[in-house]
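*Asks:* So that we are looking at the same thing, I have put the structure below in C-alpha cells.
Throughout, read-outs are computed from the coordinates displayed, never taken from laboratory work. A quick note: this is a predicted structure, and the numbers were derived from the prediction, not measured. All Cβ positions, glycine included, derive from the backbone under ideal geometry; neighbour counts span all protein chains shown.
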Amino acid sequence: MNWYQLDTPIGDLSYALDEAGVCAVHFGPKEGAEPGSGPVADELNAYFAGELTSFSVPLHVRKGTEFERAVWEQMKLIPYGETRSYGYVAGAVGEPAGVVGWGDGGRGKAAAQAVGIACNRNPLPIIVPCHRIIGADGKLVGFGGGLRLKRMLLELEAKVKMQLDWAG
C-alpha cells in the first residue's frame, strides 16, 4: 500500500492505493506520502472542482464487519447532492429505523447509532460519501473530518447539483 497526498479546497487529503484499488482516504497529510497523480487524484480533483458527481476508481475495502460493509454500500447509493438520516440508512440495511419512544423499545436509536459508528469507521470518506448522512432532525452531526468539512462537502454538492438541475 502506498500513500499519496493532494492539496484540496478542504485542506490536505491523503489516500492509499494497493494493487486492487483505493483502500484508504485520510483527512490531512500522511508522513511519507508522495504527490497524488493518476486516476484517483484526477477524480478527487474533478470532484472538488464540481466536475464529478460519481467516483469510478476501483475500491479495495480491507476491513469492516458485515454490518459496516452494508452501511458503506448504502452510502454509495445516496445521490450526489442529497442527504439521508442515520435512521434511514439503518432501515435500508435491515435494522429498525425508529426512534426511542416510537414503540420500538429503543432498537431504532441503537441502530441509528450503529450506523454512526460505521460512518466513523468508513475507510474511504468522500469517495464513499459518509458526509451525506445527517441527523434525523436535519442537523449535521458526526464526521471524521469535522463538521466544518462536512458542511463544506455538502455545500459544494448542493451548489453543483443546483447548477446541473437548472442547466437542463
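*Asks:* Return the percentage of antiparallel bridges among DSSP beta bridges fully within the chain, rounded to the nearest 5 %. All intermediate terms of the calculation are to be shown ahead of the outcome.
*Replies:* Working: 13 of 18 bridges.
Beta bridges within the chain, antiparallel portion: roughly 70 percent.
*Asks:* Also: How far apart, in nanometres, would the label points at A167 and Y80 be if each is projected 7 angstrom from Cα along the Cα-to-Cβ direction?
*Replies:* Using points 7 Å along Cα→Cβ, the separation is 0.9 nm.
*Asks:* Here are a few candidate values for percent of Cα pairs over 22 Å apart: [x] 48; [y] 45; [z] 38. Which one was actually calculated from the structure I just gave you?
*Replies:* Evaluating percent of Cα pairs over 22 Å apart on these atoms matches [y].
*Asks:* Pairing the Cα long axis of helix 66-76 with the longest principal axis of the chain, what angle in degrees results, from 0 to 90 and rounded to the nearest 10?
*Replies:* Helix 66-76 sits at roughly 70 degrees to that axis.
*Asks:* Please determine, in degrees from 0 to 90 and to the nearest 10, the orientation of helix 147-167 with respect to the longest principal axis defined by the Cα atoms of the chain, where the helix direction is its Cα long axis.
*Replies:* Relative to the chain, helix 147-167 is tipped by roughly 80 degrees.
*Asks:* Continuing with the same structure: Specify the angular offset, from 0 to 90 degrees and rounded to the nearest 10, of the alpha carbon long axis of helix 39-48 from the longest principal axis of the alpha carbons in the chain.
*Replies:* Taking the Cα atoms of the chain, the angle to 39-48 is about 60 degrees.
*Asks:* Name every cysteine in the chain that ends up alone, with no second cysteine's Cβ under 4.7 Å, or say none.
*Replies:* Isolated Cys, the chain: C23.
*Asks:* Mind ordering 114-123, 15-24 by average Cβ neighbours within 10 Å, highest first?
*Replies:* Details: 114-123: 20.4, 15-24: 17.2.
Per-residue mean Cβ counts within 10 Å order the peptides as 114-123, 15-24.
*Asks:* Can you tell me the relative contact order of the chain? Whole percent, Cα pairs under 8 Å, sequence separation 6 or more. Present the calculation step by step, with values, prior to reporting the outcome.
*Replies:* Values: 253 pairs, mean separation 32.3, N = 168.
Relative CO of the chain lands at 19 percent.
*Asks:* Which of the peptides 137-144, 80-87 is most tightly packed, and how do the rest follow, going by the mean number of other Cβ atoms within 10 Å of each residue? Walk me through the intermediate numbers first.
*Replies:* Numbers: 137-144: 13.8, 80-87: 18.4.
In decreasing order of mean packing, 137-144, 80-87 become 80-87, 137-144.
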